[in-house]
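Heads up: the structure comes next, in structure tokens.
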Amino acid sequence: MGLVEDLSAAFVAFTIEVDDAAEARVAHRTTRGGSGERGGAWLVSLAMWENCLRWLPEDGISVAELIATARTPTNFAGMRRWGYIEVEGMTRGTKGPPRPEATVRATKRGARAQQAWDGVPAEIEVRWAERFGAGATELRAVLVPALPETMPIVRYGWSTRREEEQERRSGPIAVADLGLDSLLARPLTALALEFEASGKLSLALSTNLLAVLGDDPTPLRHLPDATGIQREQIDNAVGYLGRAKLADVVPTPGAKRGKSVALTARGEEAKAAVARKLRGLEAKWEERHGKSLVGVREALAQLPPLLGTLEHPPGTWRAESKPLARLPRFPLVTHRGGYPDGA
């Protein structure tokens, strides 16, 4: 695997393990029911801790200050609707983002979730060090100080976009104070931003979906297993490829029902171009970061196939769901709750 896929596998596997541990501690509700106090907050992933809950002081913070502190926006409407926060002037019918000067506060449920989440990522990092050896946490060489400590929520076309607020937090955080998820997220975000600085296709879309498609029709129902990405996100991305004239959705050959997707000639050209682009980008990083990147690659190489290490505790939603057939080739953190596979 290449650098992007190695980093991505580690980030996704670590995030899922953190999520599993947090699920047992956070009073929450899901489509399968709830745990803890009646009507607990809707369950979310690690990204929503890193881009919102982690930074909320007891007396509140402005929207602009929260984005600047986290260096990336959260899903304000979602976090309010799910029961974690109150946003001044924001109600169920509010459209668009909240006012920058509006105050954000944790609800009672949100405050309890803060307490439950605090310390969980560090605990899983210790668990990884014990399970995989110290090399699993020696990833402190390739950093971009002004980037968020989590993967940003993707935009249209699964794109990563740099926010002006990313530069505004005063002073860099000491490398020793960064958690393993941040050590993995920062280079991934930097790679995505560099990849997407030219061209219209995002790194997430190129590696997860475009790379597995061809001119022969692939049934849509097969793509979650082929990509590690949840079906709803696949449908959205296939629509994006269709609007860009890169793919066509056609009836599945030989089947009475179901749709398939096939790349157009233009899509085949784009697939080859982004593959070359990614190889070139990884080569530039090898040259730019030299020995430090070699150390990161060696640390990643010490990890076993991470999909096989994921054992979801009984009662967690992933334990009761169809298991992932593979890990995503690039994390897909969406507005739906921040899960790294678009769940």
Checklist (1) in a loop (DSSP other than H, G, I, E, B); (2) modelled with pLDDT of 95 or more; (3) under 21 Å from Ala192 (Cα atoms) applied to Lys271, failing item: (1)
Per-region count, region 201-258, residues part of a loop (DSSP other than H, G, I, E, B) and within 25 Å of the chain's Cα centre (by Cα): 9
Residue list for region 247-287, restricted to those being farther than 21 Å from Pro224 by Cβ and touching a Lys or Arg at 6+ places or on another chain (Cβ under 8 Å): Thr264, Arg266
Any helices (runs of 4 or more DSSP H) falling wholly within region 1-102 and containing at least 2 residues that are touching a residue at least 40 places away in the same chain (Cβ under 8 Å) and buried (at least 19 other Cβ atoms within 10 Å of the Cβ): 3-23, 46-50, 63-70
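The values are calculated or read from the model by the stated rules, or taken from the named source; none is laboratory data. Since the structure is predicted, the reported quantities are computational estimates derived from the model, not experimental observations. Here the Cβ is made from the backbone with ideal geometry for all residues, glycine too, and neighbour counts use every protein chain on show.
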